[in-house]
Each structure stands twice: as structure tokens, then as C-alpha cells.
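In what follows, a structure is listed as C-alpha cells, so that the remarks can point back to it.
The values are calculated or read from the model by the stated rules, or taken from the named source; none is laboratory data. This structure is a prediction, so every number in the text was calculated from the model and none was measured. Backbone-built Cβ (ideal geometry, glycine too); neighbour counts: all protein chains shown. For the accessible areas, the whole protein counts, side chains as well, though only heavy atoms, and no ligand, DNA or RNA atoms are used. Shrake-Rupley method; radii C 1.70, N 1.55, O 1.52, S 1.80 Å.
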Amino acid sequence: MSNERLIVQEVAPRDGLQIEPSWVETADKIALIDQLSSLGFTRIEAGSFVSPKAVPMLRDGEDVFQGIARQPGVTYVALVPNLKGAQRALAAGADELNLVLSASQTHNQANMRMSCEQSLASFAEVVQLAMGQAVSLNGTVATTFGCPFEGRIDEAWVFELVQRYLALGMTGITLADTTGMANPRQVTRIVRQVLEFVPASALTLHFHNTRGLGLCNVLAAFEAGARRFDAALGGLGGCPFAPGASGNICTEDLVNLCTEMGLETGIDLARLIALSRTLPALLGHDTPGQVAKAGRNCDLHPPPAASG
């Protein structure tokens, strides 16, 4: 490990909240993003512009994007599934559009109601819309490391999808482990291959902790050359169209790992933990993150009083 910087993109306001059963008020979403903006993040996925019927929790995307207090140096990302979503996101002032398709045809049909080819064709329309506008484009390959319906995904097909994204004009690529099926050796192999045609500065890894391997996979990807990772405050999230998918890797757990290993993130860990500890009251349930419960290694305790 070196002391190179690891970039954390916070996705709780989008991927974290999308499957929450109880409505989170627009003002609370804005307040959460504003607090995250003050902690040292350079990238925040602040919402999505998908069908309100598909993801009712995020139906207030316009109000959220227009209500946040934007901090200089922070890129506010919107997930968009199609041209209509892209039009809404651009009107709301998103800095980056994140387009998603699944390497798995079955998952793409469940998630997007389209084949992979149909998704790519619709993305070409989004690229045309974005030309000449002050917005960057990121292409996500979901189920890169495995699909709950199809199982193993052909790695050559993943690489082809990445190449097709680049040919369309995407400036960023995300490889997403949508249901937490990745393992470190697989991650190392795929990341090394993709970095041959995508610079590290343009590649994001998106891991879920469904089977407890999230941070192991981060370290494998980092050692293979990746430098940017999605994470969600408190470990929130999961894909509504993926059976058994639990949350994203937890932001404060990842930042704590980096702190302990001497990897720079630029994020204020103490304030991050304090913010994570407000989530149960906001959401009405406990969160899976561990450092917020245990505290940092440097948070020492008095010895127990002698008995007797």
C-alpha cells in the first residue's frame, strides 16, 4: 500500500435511500447532502431521475438538486436511466449523469425493462443531449461480478460494454457489484484488465457488502490500481431488483480503514461518524455500519473499575 489518495464517492442520498420503506422528507435529504458536502467529499450521488413509480423514495429529485447548497469542488451526480431522466437531471443542474445498464440481460430487463442493446441505444440519445453542456457522463456496468439470476458474467462481455460506453463518449466508468457477488481475486483480474483502457482517474468501483467481502474487494481493487470507490453512509442501500442484496459498503468503515492504513481521503472521519449516528433517528431503524457503533481505534475507554 502507498500513501496515495483514495477517492470516496458518497452514494447514500441515492443508492442508500432508494429502498427505504418510510418516506424521508425532501428537506431532510437536502440537509443530509449539505452536511456531507462539508465533510471533504469531492463527489456525491445526490439523487436519481427515474420513474417515480419505480423508485417513489426519489421522486423529489428536482427539489433536492435545486435545494442543496453546492460547495465548490464537489461534483453532484444524478443517476438517469434514459433520455427523459437526463432532461430532468440537466434542468435540475446535475454536474454529472450516471447511466446504468446491467451486464446481465435478465437483470437489465428487471431493472430497466430493456435489453442491453436497447439501453445502449437510449444512452446514445443522452450523449447527444449532453453535447455542448457543462455536464460529464459516467457509464455504470451493473452486475459486473455476478448476477443473482444468471450467475457468472462473461468478463469479455463486461470489457465489451466498457468499450462501447467509451465509444459513445462516456468520460467515466463504474464497475458495480450490484449484489455483492465479487471476490478479491476476481476483482484484481477485472480491474487490471479495465485499467488498460480506462485511466484510474476515470474508474469507479461500486461494491456491496452482501456477503461480507466489501472492504476486502476495495483493497484488492486498490492494489490493482483503482482509486475511486462508491460507499454509503451507514452502509445503507441495496438494489430493489436484486433478491437478497444488502447495503453498499459503509462510508465511515471505509474511511476508517483508510485512516488506519495511512491512505488519504480528505474526509473528516470524526464528523462522518457523528453524522452516521443520526441515521437511525432519521430512518427509524438501525444501520449496518460498524465503526459508528464501535468508535475509532483512537477512541479509548477508561479501564473497568476493580471489583471487590
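Return yes or no: is Gln109 open to solvent by 10 Å² or more (accessible area, probe 1.4 Å), assigned to a helix (DSSP H, G or I) and either over 20 Å from Gln163 (Cα atoms) or in contact with a helix residue (DSSP H, G or I) (Cβ under 9 Å, 6 or more places away or on another chain) (or both)? Spell out how you get there, then give the answer.
Numbers: open to solvent by 10 Å² or more (accessible area, probe 1.4 Å): yes; assigned to a helix (DSSP H, G or I): yes; either over 20 Å from Gln163 (Cα atoms) or in contact with a helix residue (DSSP H, G or I) (Cβ under 9 Å, 6 or more places away or on another chain) (or both): yes.
Criteria met by Gln109.
On the basis of being open to solvent by 10 Å² or more (accessible area, probe 1.4 Å), out of contact with any strand residue (DSSP E or B) (no Cβ under 7 Å at 6 or more places or on another chain) and not aliphatic (A, V, I, L, M), does Ser115 make the cut? Give the derivation first.
On the way: open to solvent by 10 Å² or more (accessible area, probe 1.4 Å): yes; out of contact with any strand residue (DSSP E or B) (no Cβ under 7 Å at 6 or more places or on another chain): yes; not aliphatic (A, V, I, L, M): yes.
Judged against the criteria, Ser115 is a match.
Could you check how many residues of the stretch 51-82 are surrounded by 16 or more Cβ atoms within 10 Å (Cβ to Cβ) and either modelled with pLDDT under 95 or in contact with a Cys (Cβ under 9 Å, 6 or more places away or on another chain) (or both)?
4
Return the only residue of Ala12, Ala91 being of a type in the set (A, V, I, L, M, F, W, C) and either at pLDDT below 95 or exposed (fewer than 15 other Cβ atoms within 10 Å of the Cβ) (or both). Spell out how you get there, then give the answer.
Details: Ala12 fails: either at pLDDT below 95 or exposed (fewer than 15 other Cβ atoms within 10 Å of the Cβ) (or both).
Just a single option satisfies the conditions, and that option is Ala91.
Taking interchain pairs and intrachain pairs at least six residues apart, which have beta carbon atoms under 7 angstrom, with the first residue in the stretch 110-127 and of a type in the set (Phe, Trp, Tyr) and the second open to solvent by less than 40 Å² (accessible area, probe 1.4 Å) and not in a helix (DSSP H, G or I)?
Hits for this filter: Phe123/Leu99.
Is there any pair linking a residue in the stretch 263-281 that is farther than 19 Å from Ile44 by Cα to one that is open to solvent by 20 Å² or more (accessible area, probe 1.4 Å), with Cβ under 6 Å and at least six apart or on different chains, and which?
Pro280/Asp286
Could you grab me the full set of residues in the stretch 197-217 that are part of a helix (DSSP H, G or I), open to solvent by 50 Å² or more (accessible area, probe 1.4 Å) and farther than 15 Å from Arg5 by Cβ? It would help to see each step written out before you state the result.
At the first step, the residues of the stretch 197-217 found to be part of a helix (DSSP H, G or I) are 200-202, 214-217.
Next, from what is left, pick out any that are open to solvent by 50 Å² or more (accessible area, probe 1.4 Å): 201, 215-216.
Once the filter is applied, which keeps residues that are part of a helix (DSSP H, G or I), open to solvent by 50 Å² or more (accessible area, probe 1.4 Å) and farther than 15 Å from Arg5 by Cβ, the stretch 197-217 yields Leu215, Cys216.
Determine whether the stretch 143-162 contains at least one residue that is of a type outside the set (Ser, Thr, Tyr), out of contact with any helix residue (DSSP H, G or I) (no Cβ under 8 Å at 6 or more places or on another chain), at positive phi and open to solvent by less than 40 Å² (accessible area, probe 1.4 Å). Before the answer, list the steps.
Initial filter on the stretch 143-162 (of a type outside the set (Ser, Thr, Tyr)): 145-162.
Imposing the further condition that a residue be out of contact with any helix residue (DSSP H, G or I) (no Cβ under 8 Å at 6 or more places or on another chain) reduces the set to 146, 151-154, 156-157, 160.
Checking the rest, the ones that are also at positive phi come to 146, 151.
Right, trim to open to solvent by less than 40 Å² (accessible area, probe 1.4 Å) and you get 146, 151.
The answer is yes, given that some residue of the stretch 143-162 is of a type outside the set (Ser, Thr, Tyr), out of contact with any helix residue (DSSP H, G or I) (no Cβ under 8 Å at 6 or more places or on another chain), at positive phi and open to solvent by less than 40 Å² (accessible area, probe 1.4 Å).
Does the stretch 96-106 hold any residues that are part of a helix (DSSP H, G or I) and either over 16 Å from Arg164 (Cβ atoms) or of a type in the set (Ser, Thr, Tyr) (or both), and which are they?
Taking the stretch 96-106 first, the residues part of a helix (DSSP H, G or I) are 105-106.
Answer for the stretch 96-106, where residues must be part of a helix (DSSP H, G or I) and either over 16 Å from Arg164 (Cβ atoms) or of a type in the set (Ser, Thr, Tyr) (or both): just Thr106.
Going through the stretch 28-85 one residue at a time, which ones are outside any loop (DSSP other than H, G, I, E, B), hydroxyl-bearing (Ser, Thr, Tyr) and farther than 30 Å from Ala124 by Cβ?
Answer for the stretch 28-85, where residues must be outside any loop (DSSP other than H, G, I, E, B), hydroxyl-bearing (Ser, Thr, Tyr) and farther than 30 Å from Ala124 by Cβ: just Ser37.
When the residues of the stretch 258-273 are narrowed to those that are open to solvent by 30 Å² or more (accessible area, probe 1.4 Å) and in a loop (DSSP other than H, G, I, E, B), which ends up nearest to Leu36 (Cα to Cα)? Walk me through how you get there before you give the answer.
Taking the stretch 258-273 first, the residues open to solvent by 30 Å² or more (accessible area, probe 1.4 Å) are 259-262, 264, 266, 268, 270-271.
Adding the requirement that they be in a loop (DSSP other than H, G, I, E, B) leaves 262, 266, 268.
Details: Gly262: 22, Gly266: 12, Asp268: 10 Å.
Out of the qualifying residues, it is Asp268.
Would you check which residues across the stretch 15-50 are among the β-branched types (Val, Ile, Thr) and open to solvent by 60 Å² or more (accessible area, probe 1.4 Å) and list them?
Just the residues of the stretch 15-50 that are among the β-branched types (Val, Ile, Thr), to begin with: 19, 24, 26, 30, 33, 42, 44, 50.
Listed by number, the list holds a single entry, Ile19.
Restricting the stretch 222-240 to residues that are over 19 Å from Arg43 (Cα atoms) and touching a helix residue (DSSP H, G or I) at 6+ places or on another chain (Cβ under 6 Å), which is surrounded by the most Cβ atoms within 10 Å (Cβ to Cβ)?
Checking each candidate, the answer is Ala224.
Out of the residues in the stretch 218-257 meeting the condition of being within 13 Å of Gly180 (Cα to Cα), assigned to a loop (DSSP other than H, G, I, E, B) and out of contact with any Pro (no Cβ under 8 Å at 6 or more places or on another chain), tell me which one is modelled with the lowest pLDDT.
Cys239
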